[in-house]
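Reviewing the structure listed below.
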Amino acid sequence: MSRTYDPKALEAKWQKRWEEAGLYAADLSDGSDKYYTHVMFPYPSGDKLHIGHWYNYGPSDSFARFMRMQGKKVFSPMGFDAFGLPAENYAVKTGVHPDTSTRKNVETMITQLKRIGCMYDWSKMVNTSTPEYYRFTQWLFLQMHKHGLAYKKAGNVNWCPSCQTVLANEQAQDGTCERCGTPVIHKPLEQWYWNITRYSQQLLDGLDALDWPEKTKIMQRNWIGRSEGCDVVWSVTGCDMSLETFTTTVDTIYGVTFVVIAPDHPLLPTLVTPEQRDAVHAYIAQSSTKSEFDRQFGDKDKTGVCTGAFLKHPFTGMSIPLWVADYVLMTYGTGVVMGVPAHDQRDMDFAKKYGLDIVQSIQNPEGESIVYDNIDKYAVLGTIIDSGAFSGIAILDGRKKIIDQLERAGMGRRKIQYRLRDWCVSRQRYWGAPIPIVYDPKGNPHPVPEEHLPWTLPTDVEFNPTGESPLKHSNEFKERTEKLFGKGWTPEYDTMDTFVCSSFYYLMYLQTQGASMKAESCQLSASQKKNNQPLTLVHPEVEKQWMPVDMYIGGAEHACMHLIYARFVMMALKDFGYVSHSEPFKKLVHQGVITNKGAKMSKSKGNVVSPDALVDRHGSDVFRMYLMFMGPFTEGGDWSDTGIKGIDRFALRLFKLFEIIQDQPSQKTKNTSTKIDQSKGSSQTALHRAIKKITEDIPAFRFNTAISALMELLNVLEREQEIDRSTLQTVAKLLAPLAPHLADELWEMCGGEGFVVDQRWPSFDPALLTSDTMTIAVQVNGKLRGSIEVPSDSSKDDIIATASKQENVAKFIAGTSIAKQIYVPGKLVSFVVG
RNA sequence: GCCAUGGUGGCGGAAUGGUAUACGCGCGCGACUCAAAAUCGCGUUCCCGUAAGGGAUUGAGGGUUCAAGUCCCUCCCAUGGCACCA
């Protein structure tokens, strides 16, 4: 009886069996030996899964399977980050309601995801756009509000004229909209903010204990941007007012020759002198037309105007001119900066341009002026000069003494400044979770009581890009608010940033109270609605046992947004008393990016490659293995399908190897392959070497070398005359994480019981890693001159003796004196001759 | 500019300071076939040589070492991130 390897039929068969057996459902009531792993959940676009999805999910699943075979109770859920702009844009274009298109996309995507054959526990699926989910997004807002972490403020925001929406700074980093590329403009708006900056230090400290890529931690540290320094108070000449500057280098304070204030600083209009009023107002008007992007990145050439006001130097009492310049930002520090041209390149440029004084106040050991571009080096070595009582003191020491003096005189204080800004969670969009706030007739905000959650997203809206929130046109929304709260009350029309939805979904996967998150059950049942019990985000015991996520896999592009927001939310929830851990993700791995001809694949560039044809032809197993075989998981690479044939052959050869045992009940199996090599029976060594290699490679996400180890093993086994059944079973187990469908088939073919993923991962015997003989390389003066084959138990002296007699080696030693001989056990002999 | 990561055959890539180029693709030759595909066998870093063997080689140049792709220094290039942060 001969079977053929038909991946399509074989994979469908096993996917069905897995589903029928409920093989991947995790029992969350018991967290012993748990392993919680998941990938960053996808946005359910209407497109088919692309190469990037497969590249991310296939290997991640292989890792999860490996952990299960290590005896861990693996929980690997999947969900959908389903709120967001694309569905809304699609609605504007086609009139299809975002809920309809999203639900359809989710269904399609589930079907496609299932084809990969991942061990997802679909019973725990989440969809952020369902009321079952977003009532918790709203609950989170209420908690933030209750604990004083949510507040409203007017602020200048980045506005995308095309998307008609506000963008966070990080969504408009190069001055264009992250989603559509339109240049971002500047616009003031009332927004809800979450006070993430209160957690700056904790977010920084928590990084140390995380098993994350070092570069990601560095990025977060830079993003949070802690700097130590002090505020200095400057009294304004001729009035009662004073200004404060923040500086990290107060040691240069005697070098201050001017001070610069931001054009949007609230005190500026009252400080400016009558003579300078017109010039300053013109400057303010001019810079207010610039977006924050232009102010920060637009022209390197600094502009500014003299305000006519003077400040009193806190030490020398000298009059220091106050200038206004838009390179100083209101959003960082105090919005006022001291200018030290002698020791700062930017200040130097400014001083030269406007003819301001340049005064040196620190120097390096050679007596040269220090420009603070290498602060650590100079701060250690330099000295303060021409600075009154502080002259001659080392910089670091002087810095301390100057702050002490300022604090004693009430002219300043130590301060730690962070670059991190509060999180604007408001979005003027329809397709998001409504912010659960209502306004009384006087316009004061009030939280929507928890019993009214979910505070549902109205459905009677029009999808025309009008520039204001589409929710403003919902009659149902207004009527609902007035009915519940009274005449003249109005709802908050903004919805929440989708980063809010994704900041706690790892907890929603752990929901055990039977809240079905299935796409088809978007409407809450009446009984659920009537139930006025407080919402439980996650059962405390389940959270305690299953958090944190042991392995989180996703793109590096989320290093400074999602991955900081999620950490902040977890920390806040811990402080509120709802969870016991403060960090959500214990270990993090970033998959690499698959490019096409060097460019990142994107729909807008039209260079997205669909894997469908390849999967149809070769099957999921082969395609997954091919993606893994391309190179290290964390490095990605440029797409090419030229090598898939090699994996195809590999799968077929494996299948053939197992096929020969079909009709043979005996333990030993005759290999009928043409490749039989009579010379040696080294299969056990090869097997145990492969076990060792694969066991080390998979948890390190080195799937490429794990697969090549398996190929090498296959090359050996194909040359064996007889293969015993247990060897084949071990091979099936080794293959199980990498090609799950084929592995189950092979497992069945060689008489295995149950599913292969439920088997214990094989262990290797160190004694079997070496064979009877070993090959030793022989070098003379560092050059390879030959190699010798010796028994594995040979002594050092014997090996060196044999090496020196090797024909070619002897040639190079002859007539010389041996100055040194080095033996590296099991590897090489090196002769150094004179 | 700063930080991070990387640069190895025709290609993807492998290599605890110890035989560089594993594994695979591609290519060449051969077997099977009427033929092709598929499959199998052999070969394949480059140069010289029939071969044995020799020489060169991990972006460039120095250094440490018996021994460097790997460690150190100076550059060059690529990718990612940050960037008027006071």
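The values are calculated or read from the model by the stated rules, or taken from the named source; none is laboratory data. This structure is a prediction, so every number in the text was calculated from the model and none was measured. Virtual Cβ from ideal backbone geometry, glycine too; neighbours counted across all protein chains shown.
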Test: residue in the stretch A:338-349 that is under 26 Å from A:GLN201 (Cβ atoms), near RNA strand B (Cβ under 10 Å from one of its atoms) and part of a strand (DSSP E or B):
yes
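It is to be established whether one or more residues within the stretch A:393-415 are within 11 Å of RNA strand B (Cβ to nearest atom) and not in a helix (DSSP H, G or I). Please lay out each step first, then the result.
Here is the first cut: in the stretch A:393-415, the ones within 11 Å of RNA strand B (Cβ to nearest atom) are A:415.
Checking which are not in a helix (DSSP H, G or I) leaves us with A:415.
Yes, there is a match, as at least one residue in the stretch A:393-415 is within 11 Å of RNA strand B (Cβ to nearest atom) and not in a helix (DSSP H, G or I).
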Residues of the stretch A:241-287 that turn out to be hydrophobic (A, V, I, L, M, F, W, C) and free of Cβ contacts under 8 Å to residues at least 24 places away in the same chain, as a count:
2
What are the pairs, 6+ residues apart or on separate chains, where a residue within the stretch A:821-834 that is without any contact (Cβ under 8 Å) to a residue 40 or more places away in the chain and aromatic (Phe, Trp, Tyr) has its Cβ under 9 Å from a residue that is in a strand (DSSP E or B) and surrounded by 14 or more Cβ atoms within 10 Å (Cβ to Cβ)?
A:TYR823/A:ILE776; A:TYR823/A:VAL829; A:TYR823/A:SER830
Just checking, how many residues over the stretch A:720-729 are surrounded by fewer than 19 Cβ atoms within 10 Å (Cβ to Cβ) and either charged (D, E, K, R) or under 17 Å from A:ILE647 (Cα atoms) (or both)?
3
Does the stretch A:388-398 contain any residue that is over 30 Å from A:LEU537 (Cα atoms), aliphatic (A, V, I, L, M) and in contact with a Phe, Trp or Tyr (Cβ under 6 Å, 6 or more places away or on another chain)?
no
Complete set of residues in the stretch A:620-646 that are without any contact (Cβ under 8 Å) to a residue 60 or more places away in the chain and either near RNA strand B (Cβ under 7 Å from one of its atoms) or surrounded by fewer than 21 Cβ atoms within 10 Å (Cβ to Cβ) (or both):
A:GLU635, A:GLY637, A:ASP638, A:SER640, A:ASP641, A:THR642, A:GLY643, A:ILE644, A:LYS645, A:GLY646
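For the stretch A:820-834, give me each residue that is hydroxyl-bearing (Ser, Thr, Tyr) and either within 6 Å of RNA strand B (Cβ to nearest atom) or assigned to a helix (DSSP H, G or I) (or both). Reasoning before the result, please.
Within the stretch A:820-834, the first condition is being hydroxyl-bearing (Ser, Thr, Tyr), and the residues that meet it are A:823, A:830.
Listed by number, the list holds a single entry, A:SER830.
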Can you tell me how many residues in the stretch A:574-602 are over 28 Å from A:ILE647 (Cβ atoms) and either more than 25 Å from the chain's Cα centre (by Cα) or assigned to a loop (DSSP other than H, G, I, E, B) (or both)?
10
Qualifying residue in the stretch A:708-719 (condition: surrounded by fewer than 16 Cβ atoms within 10 Å (Cβ to Cβ), within 11 Å of RNA strand B (Cβ to nearest atom), among the hydrophobic types (A, V, I, L, M, F, W, C) and in a helix (DSSP H, G or I)):
no
Positions within the stretch A:764-787 being part of a strand (DSSP E or B) and under 9 Å from A:SER830 (Cα atoms), in sequence order:
A:ALA777, A:VAL778, A:GLN779, A:VAL780, A:LYS783, A:LEU784
I'd like the full set of residues that are in contact with an Asp or Glu (Cβ under 9 Å, 6 or more places away or on another chain) and in a loop (DSSP other than H, G, I, E, B), limited to the stretch A:36-61.
A:MET40, A:PHE41, A:PRO42, A:TYR43, A:PRO44, A:LYS48, A:LEU49
Residue count, the stretch A:246-277 (criterion: over 18 Å from A:ASP404 (Cβ atoms) and either assigned to a strand (DSSP E or B) or of a type in the set (Phe, Trp, Tyr) (or both)):
4
Taking the stretch A:603-632 on its own, how many of its residues are assigned to a loop (DSSP other than H, G, I, E, B) and more than 22 Å from A:SER502 (Cβ to Cβ)?
12
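For A:LEU734, are the conditions met, namely being among the aliphatic types (A, V, I, L, M), within 18 Å of A:ALA651 (Cα to Cα), within 16 Å of RNA strand B (Cβ to nearest atom) and within 31 Å of the chain's Cα centre (by Cα)? Walk me through how you get there before you give the answer.
Working: among the aliphatic types (A, V, I, L, M): yes; within 18 Å of A:ALA651 (Cα to Cα): yes; within 16 Å of RNA strand B (Cβ to nearest atom): yes; within 31 Å of the chain's Cα centre (by Cα): yes.
Judged against the criteria, A:LEU734 is a match.
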Among residues of the stretch A:92-104, those that are at pLDDT 85 or above, more than 11 Å from A:GLY46 (Cβ to Cβ) and assigned to a helix (DSSP H, G or I), counted:
4
Is the stretch A:802-819 home to any residue that is away from RNA strand B (no atom under 13 Å from the Cβ), more than 52 Å from the chain's Cα centre (by Cα), closer than 29 Å to A:ARG689 by Cβ and surrounded by 13 or more Cβ atoms within 10 Å (Cβ to Cβ)?
yes
Filtering the stretch A:328-374 down to residues that are crowded, with 20+ Cβ neighbours inside 10 Å and touching a Lys or Arg at 6+ places or on another chain (Cβ under 7 Å) yields A:PHE350
Filter the stretch A:61-76 down to the residues that are surrounded by 24 or more Cβ atoms within 10 Å (Cβ to Cβ) and either among the polar types (S, T, N, Q) or in contact with a His (Cβ under 9 Å, 6 or more places away or on another chain) (or both) and list them by number.
A:SER62, A:ALA64, A:PHE75, A:SER76
Checked pairs for the stretch A:758-775, first at negative phi and surrounded by 11 or more Cβ atoms within 10 Å (Cβ to Cβ), second at pLDDT below 80 and in a loop (DSSP other than H, G, I, E, B), C-beta under 7 Å and 6 or more apart or across chains, list as A:SER771/A:SER682
Restricting to the stretch A:19-49, name every residue that is buried (at least 19 other Cβ atoms within 10 Å of the Cβ) and either over 25 Å from A:ALA566 (Cβ atoms) or among the polar types (S, T, N, Q) (or both).
A:THR37
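How about the stretch A:549-573: which of its residues are acidic (Asp, Glu) and part of a helix (DSSP H, G or I)?
Let us first name the residues in the stretch A:549-573 that are acidic (Asp, Glu), namely A:550, A:557.
Answer for the stretch A:549-573, where residues must be acidic (Asp, Glu) and part of a helix (DSSP H, G or I): just A:GLU557.
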Please list, ordered by first then second residue, the pairs with beta carbon atoms under 7 Å, 6 or more apart or interchain, first in the stretch A:61-80 and closer than 18 Å to A:LEU734 by Cβ, second of a type in the set (Asp, Glu) and surrounded by fewer than 24 Cβ atoms within 10 Å (Cβ to Cβ).
A:GLY71/A:ASP33; A:LYS72/A:ASP33
